[in-house]
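One structure is given here, and the rest of the page talks about it.
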Amino acid sequence: MSRNLLLVATLVLAPASALAAEGWTGAGEFGLVLSSGNTDTDTLNFKLGLKHEGEQWLQAYTAQGLRAETDGDTTADRFDVGARIGYKLTDRSYLVGAGRYESDEFSSFDYQATLALGYGYKAIDTPRTQLVFEVGPGYRRAEPLFGDTEGDFIGRGFVDFKHKITETTDLIDTFLVEAGSDNTFVQNDLGLQVKINAKFALKATFQWRHNSDVLPGTDEDDTLTTVNVVYSF
């Protein structure tokens, strides 16, 4: 399995250099744990974030995945992609369209897909601190493990925060909520990133995920703690 995981991560992170040449910025994160002996465990998590800002348009794309196996049995298998495209109204405010698709074999849903429109505002935009808010209505399509495909209107909220604690240490937090009558999804990623050099860093992240509509006997909350190598471009 480890060879397959490394191949997936390589395919995800490989386009970084080419995109940087076209004026994009971003970061690729990668974490891998392999253990053998009495218990064989392989775990991979990766994340790719891309951003581009022009005179009129903002673009941000993400892809992330988590996969784990213990003694040949899959214990985690999740992948999601997201996109945010904004049209600037002023230097600080913009209209935004956002989409997200998630597939998780170990949740109460085969998939969740959302599309939303809204208003975004850069509350703080300094070299040391950035704080962005987005809010607006949207629509979600989801397929439960048991039952018919569901569709409902949602309210979407998004917060993106970054603060430079020192010249080499950043505090990063992203918060997303998609609230509807069928299910309320919440995800918060709190991370501390320490630079190794101009391109590489180490990042520790605590992720909390919540779904209000789950199968009986299933927890509403999931947490994940990771320590990743980060390549920025």
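Miscellaneous remarks
- Yes/no for Ser107 being of a type in the set (Ser, Thr, Tyr), in contact with a strand residue (DSSP E or B) (Cβ under 6 Å, 6 or more places away or on another chain) and more than 30 Å from Glu55 (Cβ to Cβ): no
- Test result for Lys164, at pLDDT 95 or above, in contact with an Asp or Glu (Cβ under 6 Å, 6 or more places away or on another chain) and either basic (Lys, Arg) or farther than 25 Å from Arg92 by Cα (or both): yes
Conditions tested, residue by residue: (1) under 16 Å from Thr174 (Cβ atoms); (2) in a strand (DSSP E or B); (3) aromatic (Phe, Trp, Tyr).
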site: Phe46; (1), (2), (3): no, yes, yes
site: Gly49; (1), (2), (3): yes, yes, no
site: Gln59; (1), (2), (3): no, yes, no
site: Phe79; (1), (2), (3): no, yes, yes
site: Leu95; (1), (2), (3): no, yes, no
site: Ser103; (1), (2), (3): no, yes, no
site: Ser107; (1), (2), (3): no, no, no
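- Taking the numbered list (1) touching a Phe, Trp or Tyr at 6+ places or on another chain (Cβ under 6 Å); (2) at pLDDT below 95; (3) of a type in the set (Phe, Trp, Tyr) in turn, Phe146 passes all entries but (1).
- Scope region 146-170; condition touching a residue at least 60 places away in the same chain (Cβ under 8 Å) and closer than 20 Å to Gln187 by Cβ; matching residues: Phe158
- Within region 206-226, being under 26 Å from Ile172 (Cα atoms), of a type in the set (Asp, Glu) and loosely packed, with under 13 Cβ neighbours inside 10 Å holds for one residue alone: Asp221.
- Subset tally (residues that are basic (Lys, Arg) and touching a helix residue (DSSP H, G or I) at 6+ places or on another chain (Cβ under 7 Å)) for region 62-93: 1
- Count - residues of region 195-205 that are of a type in the set (Lys, Arg), surrounded by 13 or more Cβ atoms within 10 Å (Cβ to Cβ) and free of Cβ contacts under 8 Å to residues at least 40 places away in the same chain: 1
- Taken residue by residue, region 37-52 has at least one member that is surrounded by fewer than 19 Cβ atoms within 10 Å (Cβ to Cβ) and under 16 Å from the mean Cα position of the chain (by Cα).
The values are calculated or read from the model by the stated rules, or taken from the named source; none is laboratory data. Small disclaimer: the values here were computed from a predicted structure and weren't measured. Virtual Cβ from ideal backbone geometry, glycine too; neighbours counted across all protein chains shown.
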